[in-house]
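One structure is given below, encoded as structure tokens.
The values are calculated or read from the model by the stated rules, or taken from the named source; none is laboratory data. Computed from a predicted structure; not experimentally measured. Cβ: placed from backbone, ideal geometry, glycine included. Neighbour counts: every protein chain shown.
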Amino acid sequence: MPEIDELRRKVGLHAAELLELPDEEGVSARHMVMNFGPQHPATHGTLRLILELDGERIVRCVPECGYLHTGFEKLGEYRTWNQFVPLSDRTQYLSAMNNNIAYCIAVEDLLGLEVPPRGRAVRIIMAELGRIADHILCVGLQGMDLGAFTAMLWSFIERERAYDIFDVCSGGRLTVSYGRVGGVAFDVPIDFEARVKVFIEKVEETVADIEGLLSRNRIWCDRTVGIGVLSREDALACGCTGPVLRASGVPYDVRRVRPYLGYEELDFEVPTFTDGDVYARYLQRLAEIKESIKIIRQLIDNLPPGPVNALGKHVLPGKDLTYSSMEELIHHFELVMPGYGVRPPAGETYCANEVPTGEQGYYLISDGSGIPYRVRIRPPSFYHFAALPKMLQGAMIADVVAVLSSLHVIAGELDR
């Protein structure tokens with residue numbers, strides 16, 4: 001757009017620049033164009049907002065991404081189908097478990113592969129644990145950005161408890177690489193159920209503490225209520241999904257609209273709020289944590305017996321078979337060596353999952369070889385970051401951090 005190009009030209013590479021712009025009555029008014037990020041702590045070195053200011057009020061905002069240069073999608077076109085799993089971790093490192101599952105479901109759709117009941121149940125539990133860890137940390141970091149440091153400390157404790165479970169199941173904490181085409185890397189350990197039950201009980205207590213600390217706190221409410229409002233119409237027009245969309249009153253959840261893994265058999269609600277402001281997005285994530293706990297409780301005492309991985313030549317054999325059978329050793333070799341691997345038939349698919357930040361979709365094209373012909377990711381944060389100008393129009397500089405933290409933008413989902 002010409003006006004955006006002009007604004008970029010004016011701000012250039014400088015931190016700030018004074019412009020002489022006539023107001024409606026022809027009297028000269030002084031507007032400032034300044035950078036908010038990427039050096040600002042709230043933008044993590046990877047986000048940049050060009051703000052045009054009238055005093056401390058934001059007249060116009062132009063978001064800019066492109067400081068991470070990960071190239072995940074192109075990297076995926078030079079690796080076997082299973083080798084992309086560690087890259088999916090890093091597109092949104094705070095919900096790596098959910099990303100693994102979303103990608104593997106898309107490849108399985110190309111293959112026509114069905115994961116056995118135990119594998120589906122384990123995936124759902126892991127996905128909901130990932131959602132809880134992501135949401136509670138987002139709420140804690142919102143508190144930190146607005147000065148409520150205690151909430152951040154509480155949320156980090158709960159995230160670490162979730163990561164303890166990921167660690168014993170996958171061997172990883174932040175980036176887990178637990179997903180596999182056809183199932184998961186390992187079955188859960190013997191004490192899995194006990195660990196999960198202790199975790200969800202502790203999370204419930206922490207959520208209650210956070211609500212007591214923040215939900216009626218005068219400073220918190222002054223900084224969040226009525227700030228960064230995104231209307232229902234604007235949220236839909238911008239392509240927002242997940243908590244950001246549901247906090248604006250749209251009950252869209254992929255787990256309900258296009259169920260996968262057996263979510264259609266589970267009893268849970270899709271909470272929504274109508275105000276669409278920073279406070280509503282905070283309440284939305286707390287409400288979704290409670291629903292995730294409800295889902296986990298329905299599964300944790302009723303884990304189906306049997307294997308966690310599908311049978312057949314598309315799935316790695318167990319180590320005991322690999323070390324004891326020549327046929328299985330050859331099978332293992334063909335799946336892990338470059339140029340071999342899983343070989344979906346030629347075709348394309350788009351599969352979407354409800355990850356903590358919203359709808360994450362994978363559009364994959366196979367030409368029948370052992371590596372993807374095309375990998376394309378539909379990341380929620382990209383759309384939420386693009387919606388910032390609508391939320392910041394007329395806001396104050398101090399509101400930028402509050403609004404940005406309520407969107408939970410992860411840079412790996414932007415410049416991928």
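With respect to ARG57, is the statement that it is at pLDDT 85 or above and in contact with an Asp or Glu (Cβ under 7 Å, 6 or more places away or on another chain) true?
Judged against the criteria, ARG57 is not a match.
Looking for something touching a strand residue (DSSP E or B) at 6+ places or on another chain (Cβ under 9 Å) and touching a residue at least 24 places away in the same chain (Cβ under 8 Å) - is there at least one such residue anywhere in the range 147-155?
Checking the range 147-155: not a single residue is touching a strand residue (DSSP E or B) at 6+ places or on another chain (Cβ under 9 Å) and touching a residue at least 24 places away in the same chain (Cβ under 8 Å).
When you go through GLU114, GLU128 one by one, which is the residue that is under 15 Å from GLY262 (Cα atoms) and at pLDDT below 95?
Going through GLU114, GLU128 in turn, just one is under 15 Å from GLY262 (Cα atoms) and at pLDDT below 95: GLU114.
For the range 255-310, enumerate the residues that are of a type in the set (Ser, Thr, Tyr) and under 26 Å from GLU233 (Cβ atoms).
Of everything in the range 255-310, those that are of a type in the set (Ser, Thr, Tyr) and under 26 Å from GLU233 (Cβ atoms) turn out to be THR272, THR274, TYR279, TYR282.
Out of VAL244, VAL278, VAL257, which single residue is surrounded by fewer than 20 Cβ atoms within 10 Å (Cβ to Cβ) and either touching a residue at least 40 places away in the same chain (Cβ under 8 Å) or under 23 Å from the mean Cα position of the chain (by Cα) (or both)?
VAL257
Looking at the range 337-357, can you tell me whether even one residue there is assigned to a strand (DSSP E or B), at positive phi and within 24 Å of the chain's Cα centre (by Cα)?
No - not one qualifying residue is present in the range 337-357.
Check off (1) farther than 27 Å from ILE165 by Cα; (2) in a helix (DSSP H, G or I) for ILE371 and give me the number that stays unchecked.
ILE371 satisfies every listed condition except (2).
Return only the number of the condition from (1) in contact with a Lys or Arg (Cβ under 8 Å, 6 or more places away or on another chain); (2) more than 30 Å from GLY76 (Cβ to Cβ); (3) not in a loop (DSSP other than H, G, I, E, B) that VAL270 does not satisfy.
Looking at each condition in turn, VAL270 falls short on (3).
Considering only the range 32-79, state which residues are in contact with a Leu (Cβ under 8 Å, 6 or more places away or on another chain) and of a type in the set (Val, Ile, Thr).
Selection gives VAL33, THR43, THR46, ILE50, ILE58, VAL59, VAL62.
Could you list, in sequence order, the residues of the range 64-103 that are in a helix (DSSP H, G or I), over 15 Å from the mean Cα position of the chain (by Cα) and of a type in the set (Val, Ile, Thr)?
Listed by number, the list holds a single entry, VAL85.
Please verify whether the range 139-147 includes one or more residues that are among the acidic types (Asp, Glu) and either under 19 Å from ALA287 (Cβ atoms) or buried (at least 22 other Cβ atoms within 10 Å of the Cβ) (or both).
No; the residues of the range 139-147 include none that is among the acidic types (Asp, Glu) and either under 19 Å from ALA287 (Cβ atoms) or buried (at least 22 other Cβ atoms within 10 Å of the Cβ) (or both).
Enumerate the pairs (first residue in the range 105-130 and closer than 25 Å to PRO189 by Cα and in the same structural domain as SER95 (by TED's automatic domain parsing); second residue anywhere and of a type in the set (Gly, Ala, Ser) and in a helix (DSSP H, G or I)) with beta-carbon separation below 6 Å, excluding pairs fewer than 6 apart on the same chain, so at least 6 apart or on different chains.
GLU128/SER292; LEU129/ALA162; GLY130/SER95
From VAL229, VAL250, which residue is in the same structural domain as ILE295 (by TED's automatic domain parsing), in contact with a Ser or Thr (Cβ under 8 Å, 6 or more places away or on another chain), among the aliphatic types (A, V, I, L, M) and buried (at least 17 other Cβ atoms within 10 Å of the Cβ)?
It is VAL250.
Is it fair to say ARG281 is out of contact with any strand residue (DSSP E or B) (no Cβ under 6 Å at 6 or more places or on another chain) and either of a type outside the set (D, E, K, R) or in the same structural domain as ASP145 (by TED's automatic domain parsing) (or both)?
yes
In the range 107-138, how many are touching a Ser or Thr at 6+ places or on another chain (Cβ under 6 Å) and crowded, with 24+ Cβ neighbours inside 10 Å?
6
Looking at this structure, is VAL244 in a loop (DSSP other than H, G, I, E, B) and among the β-branched types (Val, Ile, Thr)?
For VAL244, the condition - in a loop (DSSP other than H, G, I, E, B) and among the β-branched types (Val, Ile, Thr) - is not met.
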